[in-house]
1. In the list Glu270, Glu275, which residue meets the criterion of being in the same structural domain as Met392 (by TED's automatic domain parsing), in a helix (DSSP H, G or I), modelled with pLDDT of 70 or more and out of contact with any helix residue (DSSP H, G or I) (no Cβ under 7 Å at 6 or more places or on another chain)?
2. Restricting to region 97-155, what's the tally of residues that are within 21 Å of Ala35 (Cβ to Cβ), among the hydroxyl-bearing types (Ser, Thr, Tyr) and out of contact with any Gly (no Cβ under 9 Å at 6 or more places or on another chain)?
3. Just the residues that are assigned to a loop (DSSP other than H, G, I, E, B) and without any contact (Cβ under 8 Å) to a residue 60 or more places away in the chain, please, taken from region 31-67.
4. Take the residues of region 284-311 that are polar (S, T, N, Q) and at pLDDT 90 or above: which is farthest from Gly379 (Cα to Cα)?
5. Scan Ile323, Ile314, Ile375, Ile354 and give me the residue that is of a type outside the set (Ser, Thr, Tyr), at pLDDT 90 or above and farther than 30 Å from Lys187 by Cβ.
6. Select from region 36-53 the residues that are within 16 Å of Phe135 (Cα to Cα) and out of contact with any Phe, Trp or Tyr (no Cβ under 8 Å at 6 or more places or on another chain) and list them in ascending order.
Amino acid sequence: MVCKSSIIARYFDLCKQNHADMTEKNRADAIFLYATEGIIQTDQSGTIILANPSAEKMFGYELGELFGKKIEILTPSRMHASHVNQRTKYNKNPHARSMGKGLDLYGARKDGSEFPVEISLSPYHTEEGNFVIAFIIDITQRKQAEDRLKHYSVELEKQVRNRTLILEEAIDELEKTKQELNEALEKERSLNELKSRFVSMASHEFRTPLATILSSLSLVTRYGDMNDKEKQNKHITRIKSSISNLTDILNDFLSVSKLEEGKVEYFAEEFEIREFMDDLIAEMQLLLKEDQYINYAHHGNEMVTLDKKSLKNIVFNLISNAIKFSPEGTVIKVASNVQKGSFVLVVQDSGIGISDTDQEHLFERFFRGHNASNIQGTGLGLNIVGRYVEQMNGHITFTSELNKGTTFTITFKQ
């Protein structure tokens, strides 16, 4: 075995020789001494028998200081036990191999500091025994570069994610703005259509009652001069009816316009439903045809919590439709029921009814049934009712049969 003093002597002898005079053996020794890689030779027991200057410098040791030390001295203390086990397994099947591929290997300096390394092992055998040469590279700079690259990559990915998020948010905002613009455009189109249909409808629907008013006023004057009170009162009634029709048309249009523009405000309040219905039905007596009457019944608790103004619009439209589409001498049945958690309103007539085909379009704006073309109306009433019920989170259903009548049922949760 080579002793420590002979290694040191040999090292200084090689340093003094001229490169031109070196023998082949000397050239091999020079490679060992001047290689930038760390080169360490160990015997089968893991004892260091040779270490070149680069290895000694790499691990922070003086010349020859590693001689006779166990190889584990160059590994982190936490790895000593596992390294001994790995070395034992390797000695059972020694072979040339590169270490560190896909692994993070660390060497330990004399001062205890650690640094990343790559190691290649080359075993060989002589008559003196088995030996292993380890070639060691300090990859600190490479690791630092990899860490910087990884950091840059992480930062870049983070920036990409941030930019992507900003872009997605911008796209979402654009989509939202687009949707809002489309909704505004659709609402504008709807309002323009509403105004256009109203002008068309008004020019037709206003003409008849206005003509009736003008002719009846003239006859009222004439019968007044003749002191014929009966005929005079008859035409006064016709005037009132025509004015009522005009008022209904204007109210329908204003209601739809407010609903379309989102100007309808809802304010729930507690009130007595029987008193509310009695007052409303009393107001509608002038709309009744000859020998028509309204039969109202209430069951259950008398207090409800709803938007009073909206409910009035709903009930008024339903009862006025029942009056309008029912013949003289018929009964309009109205019932209300307040139970725990719900309020139910039912309006039933025995009028002209609604065909199965027309029922599919009943709540559409300006829709009028095929059997209602000769009856004055705007085709807005049920559309308004449906919109108010929806806004108040209620539910409306109906049943109808031609020439037998229609029943509407509205339910509100309390």
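1. On the way: Glu270 fails: in a helix (DSSP H, G or I).
Testing whether each residue is in the same structural domain as Met392 (by TED's automatic domain parsing), in a helix (DSSP H, G or I), modelled with pLDDT of 70 or more and out of contact with any helix residue (DSSP H, G or I) (no Cβ under 7 Å at 6 or more places or on another chain) leaves just Glu275.
2. Residues that pass the stated criteria total 4.
3. Pass one, region 31-67, residues assigned to a loop (DSSP other than H, G, I, E, B): 35-37, 44-46, 52, 60-67.
Result: Ala35, Thr36, Ser45, Gly46, Asn52, Gly60, Tyr61, Glu62, Leu63, Glu65, Leu66.
4. Restricting attention to region 284-311, the residues satisfying the condition of being polar (S, T, N, Q) are 285, 292, 295, 301, 305, 310.
Subsequent filtering for residues that are at pLDDT 90 or above retains 292, 295, 301, 305.
Working: Gln292: 23, Asn295: 26, Asn301: 35, Thr305: 30 Å.
For region 284-311, the residue satisfying everything is Asn301.
5. Working: Ile314 fails: farther than 30 Å from Lys187 by Cβ; Ile375 fails: at pLDDT 90 or above; Ile354 fails: farther than 30 Å from Lys187 by Cβ.
Only one candidate qualifies: Ile323.
6. Initial filter on region 36-53 (within 16 Å of Phe135 (Cα to Cα)): 36-43, 46-53.
Passing the criteria: Thr36, Ile40, Gly46, Thr47.
The values are calculated or read from the model by the stated rules, or taken from the named source; none is laboratory data. Keep in mind the model is a prediction, meaning the values are calculated, not measured. Glycine gets a Cβ as well: all are built from the backbone with ideal geometry, and neighbour counts include every protein chain shown.
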